[in-house]
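Novice: I'd like to ask some things about the structure below.
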Amino acid sequence: MRKTVNLVPSLTGELTIPGDKSVTHRALLLNAIGRGKAKVTNASCGEDIAATLDCLRLLGVNITQKPDEFLITGAGLHGLKEPSTILSASQSGTTMRLMSGLLAGQDFMTVLTGDRGLLSRPMDRVIEPLREMGATILGRKNDTLAPLAIRGGHLHGVDYKTKVASAQVKSCILLAGLYADSQTTVNEPAYSRDHTELMMAAMGVKVGVNGHSISITPPKELTCVDINVPGDFSSAAFWMAAAVIHPNAKITLRNVGVNQTRTGFLDVLEKMGAKVRLENKRMAGAEPVADIIVESSNLRGVEIGADIIPRLIDEAPSLALVAAFASGMTVIRDAGELRLKESDRISTTVEELSKLGAKVSEEGTSTIIIEGGARMHGGKCTSHGDHRLAMTLAAAGVAIKGPVKIDGAESVDKSYPTFWKDLAKLSAASRV
Ligand code: S3P
(Lines give C-alpha, C1' and ligand atoms only; values in the text may rest on other atoms or scores of the structure.)
Protein backbone atom coordinates (compact mmCIF):
# COMPACT_ATOMS: atom_id res chain seq x y z
CA MET A 1 0.00 0.00 0.00
CA ARG A 2 1.24 3.47 -0.87
CA LYS A 3 0.47 6.57 1.21
CA THR A 4 1.14 10.12 0.11
CA VAL A 5 1.79 12.57 2.91
CA ASN A 6 1.55 16.31 2.31
CA LEU A 7 2.79 19.31 4.24
CA VAL A 8 0.28 20.45 6.85
CA PRO A 9 0.44 24.27 7.05
CA SER A 10 0.08 24.28 10.80
CA LEU A 11 0.22 21.23 13.03
CA THR A 12 -2.06 21.71 16.00
CA GLY A 13 -4.49 19.68 18.07
CA GLU A 14 -4.25 16.67 20.30
CA LEU A 15 -4.09 12.90 20.09
CA THR A 16 -4.63 10.17 22.63
CA ILE A 17 -1.84 7.69 22.03
CA PRO A 18 -2.89 4.00 21.81
CA GLY A 19 -1.63 1.41 24.30
CA ASP A 20 2.01 0.42 24.64
CA LYS A 21 3.08 -2.68 22.74
CA SER A 22 5.77 -3.78 25.21
CA VAL A 23 3.49 -3.44 28.23
CA THR A 24 0.64 -5.26 26.43
CA HIS A 25 2.86 -8.27 25.55
CA ARG A 26 3.86 -8.56 29.20
CA ALA A 27 0.32 -8.04 30.51
CA LEU A 28 -0.84 -10.99 28.39
CA LEU A 29 2.09 -13.30 29.05
CA LEU A 30 2.32 -12.79 32.80
CA ASN A 31 -1.42 -12.83 33.48
CA ALA A 32 -1.65 -16.02 31.38
CA ILE A 33 0.39 -17.81 34.05
CA GLY A 34 -1.16 -15.96 36.99
CA ARG A 35 -3.83 -17.07 39.42
CA GLY A 36 -7.25 -15.43 39.02
CA LYS A 37 -8.57 -13.19 36.26
CA ALA A 38 -7.26 -9.95 34.80
CA LYS A 39 -8.63 -7.23 32.58
CA VAL A 40 -6.14 -5.48 30.31
CA THR A 41 -7.54 -2.17 29.09
CA ASN A 42 -6.24 0.31 26.48
CA ALA A 43 -4.25 -2.62 25.08
CA SER A 44 -2.11 -2.33 21.96
CA CYS A 45 -3.98 -3.94 19.08
CA GLY A 46 -1.24 -4.30 16.51
CA GLU A 47 -0.20 -7.45 14.67
CA ASP A 48 2.57 -8.20 17.17
CA ILE A 49 0.07 -8.44 20.00
CA ALA A 50 -2.16 -10.71 17.90
CA ALA A 51 0.83 -13.06 17.60
CA THR A 52 1.31 -13.26 21.38
CA LEU A 53 -2.41 -13.80 21.79
CA ASP A 54 -2.47 -16.67 19.26
CA CYS A 55 0.47 -18.41 20.95
CA LEU A 56 -1.11 -18.15 24.40
CA ARG A 57 -4.44 -19.50 23.15
CA LEU A 58 -2.65 -22.49 21.60
CA LEU A 59 -1.06 -23.07 25.01
CA GLY A 60 -4.57 -23.40 26.43
CA VAL A 61 -5.05 -19.94 27.94
CA ASN A 62 -8.56 -18.51 27.91
CA ILE A 63 -8.47 -14.91 26.65
CA THR A 64 -11.49 -12.99 25.38
CA GLN A 65 -11.07 -9.79 23.42
CA LYS A 66 -13.02 -6.59 22.87
CA PRO A 67 -11.48 -3.96 20.56
CA ASP A 68 -8.73 -2.76 22.90
CA GLU A 69 -9.46 -4.84 25.96
CA PHE A 70 -8.55 -8.39 26.99
CA LEU A 71 -10.03 -10.56 29.70
CA ILE A 72 -7.57 -13.26 30.74
CA THR A 73 -8.25 -16.26 32.92
CA GLY A 74 -4.88 -17.14 34.40
CA ALA A 75 -3.87 -20.75 33.83
CA GLY A 76 -1.55 -20.66 36.85
CA LEU A 77 2.24 -20.99 36.83
CA HIS A 78 2.04 -24.68 35.86
CA GLY A 79 -1.22 -24.64 33.91
CA LEU A 80 -0.06 -24.22 30.29
CA LYS A 81 -0.76 -27.19 27.99
CA GLU A 82 1.44 -28.69 25.30
CA PRO A 83 0.15 -27.26 21.99
CA SER A 84 -0.79 -29.75 19.31
CA THR A 85 0.81 -27.65 16.59
CA ILE A 86 3.64 -25.19 16.06
CA LEU A 87 3.40 -21.66 17.50
CA SER A 88 4.10 -18.59 15.37
CA ALA A 89 5.42 -15.24 16.54
CA SER A 90 4.63 -13.81 13.06
CA GLN A 91 6.89 -10.73 12.77
CA SER A 92 7.20 -10.07 16.48
CA GLY A 93 10.69 -10.31 17.99
CA THR A 94 9.25 -9.62 21.43
CA THR A 95 6.80 -12.51 21.11
CA MET A 96 9.54 -14.88 19.93
CA ARG A 97 12.06 -13.99 22.63
CA LEU A 98 9.70 -13.63 25.59
CA MET A 99 7.73 -16.72 24.60
CA SER A 100 10.92 -18.79 24.36
CA GLY A 101 11.69 -17.91 27.99
CA LEU A 102 8.20 -18.90 29.07
CA LEU A 103 8.35 -22.15 27.06
CA ALA A 104 11.75 -23.05 28.49
CA GLY A 105 9.99 -23.33 31.85
CA GLN A 106 7.44 -25.86 30.56
CA ASP A 107 7.84 -29.57 30.88
CA PHE A 108 6.67 -30.18 27.30
CA MET A 109 7.73 -29.74 23.71
CA THR A 110 7.03 -26.72 21.50
CA VAL A 111 8.21 -25.45 18.14
CA LEU A 112 8.23 -21.68 17.73
CA THR A 113 8.44 -20.15 14.28
CA GLY A 114 7.80 -16.76 12.70
CA ASP A 115 7.46 -14.93 9.40
CA ARG A 116 10.37 -14.54 6.99
CA GLY A 117 11.84 -11.35 8.46
CA LEU A 118 11.85 -12.71 11.98
CA LEU A 119 13.53 -15.93 10.86
CA SER A 120 16.67 -13.97 10.06
CA ARG A 121 16.90 -12.13 13.38
CA PRO A 122 19.37 -13.48 15.97
CA MET A 123 18.06 -15.98 18.52
CA ASP A 124 21.39 -17.23 19.91
CA ARG A 125 21.08 -14.40 22.40
CA VAL A 126 18.18 -16.29 24.03
CA ILE A 127 19.24 -19.86 23.19
CA GLU A 128 22.52 -19.53 25.11
CA PRO A 129 21.13 -18.41 28.48
CA LEU A 130 18.15 -20.79 28.30
CA ARG A 131 20.51 -23.71 27.70
CA GLU A 132 22.64 -22.56 30.60
CA MET A 133 19.49 -22.75 32.73
CA GLY A 134 18.97 -26.34 31.63
CA ALA A 135 16.42 -26.10 28.80
CA THR A 136 16.81 -28.22 25.69
CA ILE A 137 16.55 -25.77 22.83
CA LEU A 138 17.57 -26.08 19.21
CA GLY A 139 17.59 -23.53 16.43
CA ARG A 140 18.31 -23.36 12.73
CA LYS A 141 21.77 -22.38 11.43
CA ASN A 142 23.74 -23.89 14.23
CA ASP A 143 21.39 -22.70 16.96
CA THR A 144 21.34 -19.05 15.96
CA LEU A 145 17.99 -18.64 14.19
CA ALA A 146 14.33 -19.65 14.55
CA PRO A 147 12.34 -21.85 14.19
CA LEU A 148 13.19 -22.98 17.70
CA ALA A 149 12.40 -26.40 19.16
CA ILE A 150 12.08 -26.20 22.93
CA ARG A 151 11.71 -28.87 25.58
CA GLY A 152 11.77 -27.13 28.90
CA GLY A 153 11.42 -27.81 32.57
CA HIS A 154 13.81 -28.53 35.47
CA LEU A 155 15.58 -25.19 35.16
CA HIS A 156 18.35 -23.86 37.38
CA GLY A 157 18.77 -20.25 38.44
CA VAL A 158 21.61 -18.38 36.71
CA ASP A 159 23.65 -15.26 37.18
CA TYR A 160 23.84 -14.16 33.55
CA LYS A 161 25.73 -11.28 31.99
CA THR A 162 24.17 -10.18 28.69
CA LYS A 163 26.38 -8.86 25.88
CA VAL A 164 23.81 -6.29 24.78
CA ALA A 165 21.29 -4.29 26.77
CA SER A 166 18.12 -5.90 25.44
CA ALA A 167 14.81 -5.96 27.29
CA GLN A 168 13.74 -8.91 25.17
CA VAL A 169 16.71 -11.00 26.29
CA LYS A 170 16.43 -9.86 29.91
CA SER A 171 12.70 -10.63 29.96
CA CYS A 172 13.24 -14.03 28.35
CA ILE A 173 15.68 -15.01 31.11
CA LEU A 174 13.44 -13.62 33.87
CA LEU A 175 10.41 -15.50 32.51
CA ALA A 176 12.40 -18.74 32.52
CA GLY A 177 13.66 -17.75 35.99
CA LEU A 178 10.09 -17.97 37.31
CA TYR A 179 10.43 -21.75 36.82
CA ALA A 180 13.99 -22.19 38.12
CA ASP A 181 15.04 -23.93 41.33
CA SER A 182 16.87 -20.87 42.68
CA GLN A 183 17.30 -17.13 42.19
CA THR A 184 18.02 -15.79 38.68
CA THR A 185 20.02 -12.62 38.05
CA VAL A 186 20.47 -10.75 34.76
CA ASN A 187 23.31 -8.21 34.51
CA GLU A 188 23.03 -5.77 31.61
CA PRO A 189 25.63 -3.36 30.19
CA ALA A 190 23.08 -0.48 30.32
CA TYR A 191 19.46 0.10 31.33
CA SER A 192 16.87 -1.47 29.06
CA ARG A 193 13.09 -1.11 29.45
CA ASP A 194 11.97 -2.53 32.80
CA HIS A 195 8.27 -3.30 32.22
CA THR A 196 8.77 -7.02 32.94
CA GLU A 197 10.29 -6.54 36.35
CA LEU A 198 7.73 -3.87 37.31
CA MET A 199 4.85 -6.15 36.35
CA MET A 200 6.34 -9.24 38.00
CA ALA A 201 6.70 -7.24 41.23
CA ALA A 202 3.08 -6.06 40.96
CA MET A 203 2.03 -9.72 40.66
CA GLY A 204 3.83 -10.68 43.86
CA VAL A 205 7.22 -11.85 42.58
CA LYS A 206 10.21 -10.89 44.74
CA VAL A 207 12.28 -8.68 42.43
CA GLY A 208 15.62 -7.12 43.37
CA VAL A 209 17.13 -4.27 41.36
CA ASN A 210 20.72 -3.20 41.86
CA GLY A 211 21.79 -0.80 39.09
CA HIS A 212 21.88 -2.82 35.89
CA SER A 213 21.36 -6.13 37.76
CA ILE A 214 17.87 -7.59 38.14
CA SER A 215 17.18 -10.64 40.31
CA ILE A 216 14.03 -12.65 40.86
CA THR A 217 13.20 -15.36 43.35
CA PRO A 218 11.04 -18.10 41.81
CA PRO A 219 7.53 -17.64 43.23
CA LYS A 220 4.96 -20.29 44.17
CA GLU A 221 2.45 -18.38 42.07
CA LEU A 222 1.74 -15.03 40.44
CA THR A 223 -1.45 -13.12 41.18
CA CYS A 224 -3.31 -11.81 38.13
CA VAL A 225 -3.52 -8.00 38.04
CA ASP A 226 -5.67 -5.65 35.98
CA ILE A 227 -3.52 -3.46 33.77
CA ASN A 228 -4.51 -0.17 32.23
CA VAL A 229 -1.86 0.08 29.53
CA PRO A 230 -0.22 3.51 29.12
CA GLY A 231 -0.02 5.07 25.65
CA ASP A 232 3.02 3.91 23.71
CA PHE A 233 5.92 6.38 24.01
CA SER A 234 7.44 4.91 20.84
CA SER A 235 4.24 5.75 18.93
CA ALA A 236 4.11 9.24 20.45
CA ALA A 237 7.68 9.81 19.28
CA PHE A 238 6.64 10.18 15.61
CA TRP A 239 4.31 13.04 16.49
CA MET A 240 6.96 14.59 18.71
CA ALA A 241 9.42 14.46 15.81
CA ALA A 242 6.88 15.96 13.40
CA ALA A 243 6.09 18.83 15.79
CA VAL A 244 9.65 19.86 16.63
CA ILE A 245 10.70 20.02 12.96
CA HIS A 246 7.48 21.68 11.75
CA PRO A 247 7.66 25.48 11.40
CA ASN A 248 4.25 26.04 12.99
CA ALA A 249 3.29 23.31 15.42
CA LYS A 250 1.92 22.83 18.88
CA ILE A 251 0.37 19.47 19.76
CA THR A 252 -0.69 17.65 22.90
CA LEU A 253 -0.16 13.91 23.17
CA ARG A 254 -2.35 12.45 25.89
CA ASN A 255 -1.80 9.50 28.20
CA VAL A 256 1.76 8.62 27.16
CA GLY A 257 3.89 6.16 29.14
CA VAL A 258 6.95 8.03 30.39
CA ASN A 259 8.84 5.22 32.11
CA GLN A 260 12.43 6.51 32.25
CA THR A 261 13.79 3.36 30.65
CA ARG A 262 11.84 4.35 27.53
CA THR A 263 12.23 8.11 27.30
CA GLY A 264 15.80 8.56 26.05
CA PHE A 265 14.37 10.31 22.97
CA LEU A 266 12.76 12.93 25.21
CA ASP A 267 16.08 13.50 27.02
CA VAL A 268 17.89 13.95 23.71
CA LEU A 269 15.21 16.30 22.36
CA GLU A 270 15.64 18.44 25.48
CA LYS A 271 19.41 18.43 24.97
CA MET A 272 18.81 19.59 21.39
CA GLY A 273 16.80 22.54 22.70
CA ALA A 274 13.32 21.25 21.81
CA LYS A 275 10.24 22.85 23.30
CA VAL A 276 8.68 19.84 24.98
CA ARG A 277 7.12 19.50 28.40
CA LEU A 278 5.20 16.96 30.43
CA GLU A 279 1.94 17.77 32.18
CA ASN A 280 -0.51 15.89 34.34
CA LYS A 281 2.04 13.29 35.50
CA ARG A 282 0.39 10.33 37.19
CA MET A 283 0.74 6.56 37.66
CA ALA A 284 -1.07 3.84 35.71
CA GLY A 285 -0.38 0.93 38.04
CA ALA A 286 3.40 0.58 38.19
CA GLU A 287 4.00 2.75 35.11
CA PRO A 288 4.26 6.57 35.02
CA VAL A 289 2.17 8.40 32.40
CA ALA A 290 1.84 12.04 31.36
CA ASP A 291 0.54 14.32 28.64
CA ILE A 292 3.30 15.63 26.38
CA ILE A 293 3.09 19.11 24.87
CA VAL A 294 5.49 19.65 22.02
CA GLU A 295 6.08 22.65 19.76
CA SER A 296 8.10 23.87 16.78
CA SER A 297 11.67 24.23 17.98
CA ASN A 298 15.08 25.61 17.13
CA LEU A 299 17.32 22.60 17.47
CA ARG A 300 21.06 22.01 17.81
CA GLY A 301 22.98 18.81 17.01
CA VAL A 302 24.11 16.34 19.70
CA GLU A 303 26.38 13.34 20.13
CA ILE A 304 24.98 10.26 21.84
CA GLY A 305 26.25 6.75 22.52
CA ALA A 306 26.02 3.42 24.35
CA ASP A 307 24.60 4.61 27.67
CA ILE A 308 21.41 6.03 26.15
CA ILE A 309 20.89 3.93 22.98
CA PRO A 310 18.80 1.17 24.64
CA ARG A 311 16.47 3.86 26.06
CA LEU A 312 15.73 5.19 22.55
CA ILE A 313 16.36 2.11 20.42
CA ASP A 314 13.01 2.32 18.61
CA GLU A 315 13.18 6.11 18.21
CA ALA A 316 16.53 6.25 16.36
CA PRO A 317 14.99 6.80 12.88
CA SER A 318 12.88 9.68 14.26
CA LEU A 319 15.96 11.10 15.97
CA ALA A 320 17.86 11.03 12.67
CA LEU A 321 14.99 12.95 11.05
CA VAL A 322 14.92 15.54 13.83
CA ALA A 323 18.71 15.93 13.61
CA ALA A 324 18.40 16.84 9.92
CA PHE A 325 16.61 20.02 11.06
CA ALA A 326 19.11 20.95 13.77
CA SER A 327 22.00 23.34 13.45
CA GLY A 328 25.32 21.50 13.41
CA MET A 329 26.11 17.84 13.35
CA THR A 330 24.48 14.94 15.21
CA VAL A 331 26.34 11.67 15.81
CA ILE A 332 24.49 8.54 16.94
CA ARG A 333 27.15 6.02 18.03
CA ASP A 334 27.04 2.44 19.36
CA ALA A 335 23.76 1.80 17.55
CA GLY A 336 24.69 -1.56 15.93
CA GLU A 337 21.55 -3.16 17.40
CA LEU A 338 19.55 -1.10 14.89
CA ARG A 339 20.79 -3.39 12.14
CA LEU A 340 18.92 -6.30 13.78
CA LYS A 341 15.42 -4.79 13.85
CA GLU A 342 12.57 -5.20 11.34
CA SER A 343 15.01 -3.79 8.79
CA ASP A 344 18.68 -2.84 9.02
CA ARG A 345 17.61 0.50 10.48
CA ILE A 346 21.00 2.14 10.04
CA SER A 347 21.03 1.51 6.28
CA THR A 348 17.32 1.99 5.69
CA THR A 349 17.13 5.24 7.67
CA VAL A 350 20.14 6.64 5.81
CA GLU A 351 18.77 5.50 2.43
CA GLU A 352 15.25 6.84 2.88
CA LEU A 353 16.02 10.16 4.58
CA SER A 354 18.65 10.81 1.89
CA LYS A 355 15.93 10.47 -0.76
CA LEU A 356 14.21 13.41 0.95
CA GLY A 357 17.35 15.57 0.88
CA ALA A 358 18.71 14.93 4.39
CA LYS A 359 22.50 14.82 4.70
CA VAL A 360 22.82 11.55 6.54
CA SER A 361 25.41 8.80 6.32
CA GLU A 362 26.57 5.69 8.12
CA GLU A 363 30.06 5.12 9.43
CA GLY A 364 31.47 1.73 10.37
CA THR A 365 29.10 -0.82 11.80
CA SER A 366 27.25 1.26 14.34
CA THR A 367 27.30 5.02 13.72
CA ILE A 368 24.88 7.40 11.98
CA ILE A 369 26.04 10.93 11.19
CA ILE A 370 23.54 13.66 10.34
CA GLU A 371 24.54 17.09 9.12
CA GLY A 372 21.79 19.44 10.13
CA GLY A 373 20.30 22.29 8.16
CA ALA A 374 19.60 20.44 4.90
CA ARG A 375 16.65 21.59 2.80
CA MET A 376 14.48 18.53 2.76
CA HIS A 377 12.02 17.93 -0.07
CA GLY A 378 9.43 15.42 -1.24
CA GLY A 379 10.29 12.08 -2.76
CA LYS A 380 9.37 8.48 -3.35
CA CYS A 381 10.30 6.28 -0.40
CA THR A 382 9.77 2.78 0.90
CA SER A 383 9.28 1.49 4.42
CA HIS A 384 11.35 -1.64 3.69
CA GLY A 385 8.47 -3.36 5.51
CA ASP A 386 9.54 -1.60 8.70
CA HIS A 387 6.75 0.10 10.68
CA ARG A 388 9.03 2.58 12.41
CA LEU A 389 10.52 3.73 9.13
CA ALA A 390 7.08 4.21 7.54
CA MET A 391 5.99 6.42 10.45
CA THR A 392 9.25 8.39 10.50
CA LEU A 393 8.81 9.15 6.79
CA ALA A 394 5.21 10.24 7.44
CA ALA A 395 6.43 12.56 10.21
CA ALA A 396 8.81 14.09 7.67
CA GLY A 397 5.95 14.38 5.18
CA VAL A 398 3.74 16.59 7.36
CA ALA A 399 6.63 19.02 7.97
CA ILE A 400 8.32 19.43 4.57
CA LYS A 401 7.24 20.71 1.18
CA GLY A 402 6.49 17.30 -0.30
CA PRO A 403 4.74 15.24 -1.15
CA VAL A 404 6.38 12.24 0.52
CA LYS A 405 5.21 8.99 -1.06
CA ILE A 406 5.64 5.92 1.12
CA ASP A 407 5.43 2.39 -0.28
CA GLY A 408 4.82 -0.40 2.23
CA ALA A 409 2.70 1.93 4.35
CA GLU A 410 0.69 -1.02 5.72
CA SER A 411 3.67 -1.95 7.89
CA VAL A 412 2.35 0.46 10.57
CA ASP A 413 -0.17 -2.28 11.48
CA LYS A 414 2.57 -4.03 13.43
CA SER A 415 2.53 -1.54 16.28
CA TYR A 416 0.15 1.35 15.45
CA PRO A 417 -2.76 0.25 13.25
CA THR A 418 -4.60 3.58 13.69
CA PHE A 419 -1.57 5.65 12.66
CA TRP A 420 -2.96 6.82 9.29
CA LYS A 421 -6.30 7.64 10.91
CA ASP A 422 -4.52 9.68 13.58
CA LEU A 423 -2.51 11.45 10.88
CA ALA A 424 -5.75 12.37 9.08
CA LYS A 425 -7.25 13.53 12.38
CA LEU A 426 -4.29 15.74 13.22
CA SER A 427 -4.18 17.14 9.68
CA ALA A 428 -7.92 17.96 9.78
CA ALA A 429 -7.60 19.58 13.22
CA SER A 430 -4.73 21.63 11.89
CA ARG A 431 -6.73 23.07 9.00
CA VAL A 432 -9.39 24.70 11.20
C1 S3P B 1 11.17 -4.55 23.20
C2 S3P B 1 12.52 -4.37 23.33
C3 S3P B 1 13.37 -3.74 22.30
C4 S3P B 1 12.53 -2.98 21.26
C5 S3P B 1 11.31 -3.73 20.84
C6 S3P B 1 10.43 -4.08 22.02
C7 S3P B 1 10.44 -5.22 24.29
O8 S3P B 1 14.10 -4.75 21.65
O9 S3P B 1 13.33 -2.68 20.15
O10 S3P B 1 10.55 -2.94 19.92
O11 S3P B 1 9.21 -5.12 24.35
O12 S3P B 1 11.09 -5.84 25.13
P13 S3P B 1 15.51 -5.27 22.23
O14 S3P B 1 15.26 -5.87 23.55
O15 S3P B 1 15.99 -6.30 21.25
O16 S3P B 1 16.39 -4.07 22.26
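Novice: For 154, 195, 384, write out the residues from largest to smallest accessible area, computed with a 1.4 angstrom probe and no ligands counted.
Specialist: Values: 154 145, 195 5, 384 70 Å².
From most exposed to least exposed: 154, 384, 195.
Novice: Let me ask something else. Using unit Cβ charges (K, R positive; D, E negative) and no other charged atoms, how large, in debye to the nearest 20, is the dipole of region 69-155 about its Cα centre?
Specialist: 240
Novice: Right, here's the next one. Compute the separation of the alpha-carbon centres of region 229-255 and region 312-378 and state it in Å as a whole number.
Specialist: Spelled out, the Cα-based centre of one part sits 19 Å from the other.
Novice: Follow-up question, since we're still on this one. What accessible surface, in Å², does a 1.4 Å probe find on residue 425, ignoring ligands, DNA and RNA and rounding to the nearest 10?
Specialist: Here the residue's solvent-accessible area equals roughly 110 Å².
Novice: Rounded, prolate or oblate, given the Cα gyration tensor of the chain, with a/c below 1.5 counting as rounded?
Specialist: prolate
Novice: Calculate the dipole size of the chain relative to its Cα centre from +1 charges on Lys and Arg beta carbons and -1 charges on Asp and Glu beta carbons; express the result in debye to the nearest 20.
Specialist: Using only the charged Cβ atoms, the result is roughly 680 debye.
Novice: Rounded if a/c is under 1.5, else prolate if a/b is larger than b/c, else oblate: which is region 351-430, with a ≥ b ≥ c the root eigenvalues of its Cα gyration tensor?
Specialist: Working: a/c = 2.22, a/b = 1.39, b/c = 1.59.
Oblate, because a/c is 1.5 or more while a/b does not exceed b/c.
Novice: Right, another one. Taking only protein heavy atoms and a 1.4 Å probe, what accessible area per residue, in Å², does region 21-217 have with all protein chains in place?
Specialist: About 37 Å² of surface per residue is accessible.
Novice: In nanometres, what is the gap between the two model label sites at residue 206 and residue 375, each 7 Å from Cα along Cα-to-Cβ?
Specialist: 6.7
Novice: A further question follows. In nanometres, what is the gap between the two model label sites at residue 115 and residue 329, each 7 Å from Cα along Cα-to-Cβ?
Specialist: Reported label-point gap for residue 115 and residue 329 is 3.9 nm.
Novice: Let me ask something else. In terms of solvent-accessible area of protein heavy atoms at a 1.4 angstrom probe, what is the ranking of 420, 239, highest value first?
Specialist: Values: 420 30, 239 5 Å².
The residues order as 420, 239, largest area first.
Novice: Percent antiparallel among DSSP beta bridges with both residues in the chain, to the nearest 5? All intermediate terms of the calculation are to be shown ahead of the outcome.
Specialist: Details: 55 of 78 bridges.
Roughly 70 percent of the DSSP beta bridges within the chain come out antiparallel.
Novice: Please give the net charge around residue 214, taking every other residue with its beta carbon less than 10 angstrom from that of residue 214, where Lys and Arg add +1 and Asp and Glu add -1.
Specialist: -2
Novice: How much accessible area per residue does region 309-432 have, in Å², with a 1.4 Å probe?
Specialist: I get 35 Å² per residue for region 309-432.
Novice: Let me ask something additional. Can you give the FRET efficiency for residue 141 and residue 250, using 1/(1 + (r/R0)^6), R0 = 41 Å, r = Cβ-Cβ distance, to the nearest 0.05?
Specialist: With R0 = 41 Å, the Cβ-Cβ based efficiency is 0.25.
Novice: On to the next question. Check which residues have an amide H placed less than 5 Å from residue 248's amide H, if you skip close sequence neighbours.
Specialist: So residue 248 has HN proximity to 11.
Novice: Name the residues whose placed amide hydrogens come within less than 5 Å of the amide hydrogen of residue 359, ignoring near sequence neighbours (fewer than 5 apart) on the same chain.
Specialist: Residues meeting the criterion, in which the H sits 1.01 Å from N, are 371, 374.
Novice: Show me, for region 81-95, the HN-Hα J-couplings you get by feeding each phi into the Karplus relation (A = 6.51, B = -1.76, C = 1.60, θ = phi - 60°), rounded to Hz, glycine and proline as x.
Specialist: Residue by residue, region 81-95 yields 10, 4, x, 8, 9, 6, 9, 10, 8, 6, 9, 9, x, 5, 4 Hz.
Novice: Here is a follow-up. Please go through the residue pairs 275/405; 66/425; 380/425 and name each one whose alpha carbons sit more than 25 Å apart in this structure.
Specialist: Among 275/405; 66/425; 380/425, the Cα-Cα distance tops 25 Å for 275/405.
Novice: At a 1.4 Å probe, what is the % contribution of carbon and sulfur to the accessible area of region 9-132?
Specialist: 50
The values are calculated or read from the model by the stated rules, or taken from the named source; none is laboratory data. This structure is a prediction, so every number in the text was calculated from the model and none was measured. Here the Cβ is made from the backbone with ideal geometry for all residues, glycine too, and neighbour counts use every protein chain on show. Protein only, heavy atoms only, side chains kept; ligands, DNA and RNA dropped before computing areas. Shrake-Rupley method; radii C 1.70, N 1.55, O 1.52, S 1.80 Å.
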